[in-house]
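The values are calculated or read from the model by the stated rules, or taken from the named source; none is laboratory data. In this text, all values refer to a predicted model and were calculated from it rather than measured experimentally. Note that each Cβ is placed from the backbone with ideal geometry, even for glycine, and that neighbours are counted across all protein chains shown.
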Amino acid sequence: MFVGTRAPGLDSPLKVAEVGSQPPERGIGRPQPTRTSVGAVGGVWHGAPVPLVRPAPRPPVVRRPARPRSLGRTLRRAAPRAVVLVALAVAAAVLVPRWTGTGDAVRYVVPAAEVVAARSALAGLPVRGRAPMTGYDRSLFGEAWADVDHNGCDTRNDVLARDLTGIETDPDTASCLVLSGTLTDPYSGRVVSFERGEDSADVQIDHVVALADAWQKGAQQWTAGRREEFANDPANLLAVEGRVNQDKGAGDAATWLPPSRGYRCAYAIRQVLVKAEYGLWVTQAEHDALARWLGRCTAAQEGSG
């Protein structure tokens, strides 16, 4: 069973649409070491490109891409084991599930188990006021786009290679540097062409839970290593349209949501699971906004809507 967003006042879910801060990337081409990638949490959820975004075929490249950690691991950590098992049983009851949203063309696959886990995780998040921004600096979250998984490529290029389709890479960098590609932005629903150069900022990498937001809700107490891990965790990163990312800034779910309403359920799930994984808290307004959108996630079967 998969989930989506039910348009207010409608008896059945409609179809959804969507598409694709940032410091300069390094575009490195170091030889790949032999050890497997490491990191803390999440990754491409379900072991496929872009957590919560329907994966697109990826052209062959020279390097072996980093294998992001599965969403299943995040779910197991974020929700009680019993909740996950029940959710998986419910999901298995539907033969051909899909998640749909309002008035859009692109579908975002979100299993019902994730909705159950996110609702459970939200109930466990502490609700507190926002701490002051005193002392915040981007450098406190480590080197921008570090190669934390040790695959020889920086995080920005890893995410571009994961989220874009039809990519072209630079063979002189062991195919790490993404030169061009096409993004279907999950936030706006628009298709954006990416070409490295003066228009590189047309596609940016968003921290779903913004670094400044994390700083005000628990990250001040973290070690430097934990903050760098958070800043480069693929579970908390999405390639998005640059102007939409600029509009978001460091907003939380109470102050900013994706313009495409069809993606808001998936966005709320990601926000909650990332915050639960890292022990961050939420404000009351943020909690209410997340609960509202998680409450609008509805099951849709193939052929409905």
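On the stretch given as region 255-305, residues that are aliphatic (A, V, I, L, M), modelled with pLDDT of 95 or more and over 19 Å from the mean Cα position of the chain (by Cα) total 1. Filtered by the rule that a residue be assigned to a loop (DSSP other than H, G, I, E, B) and in contact with a strand residue (DSSP E or B) (Cβ under 9 Å, 6 or more places away or on another chain), region 125-152 gives LEU125, PRO126, ARG128, TRP145.
Considering LEU122, LEU160, the condition of being in a helix (DSSP H, G or I), on the phi < 0 side of the Ramachandran plot, at pLDDT 95 or above and in contact with a Leu (Cβ under 6 Å, 6 or more places away or on another chain) is satisfied by LEU122 alone.
Scanning region 179-213 for residues that are out of contact with any strand residue (DSSP E or B) (no Cβ under 7 Å at 6 or more places or on another chain) and surrounded by 16 or more Cβ atoms within 10 Å (Cβ to Cβ) yields SER200, VAL209, ALA210, LEU211, ALA212, ASP213.
Restricting region 89-113 to residues that are farther than 14 Å from TYR263 by Cβ and buried (at least 22 other Cβ atoms within 10 Å of the Cβ), the residue that is modelled with the lowest pLDDT is ARG98.
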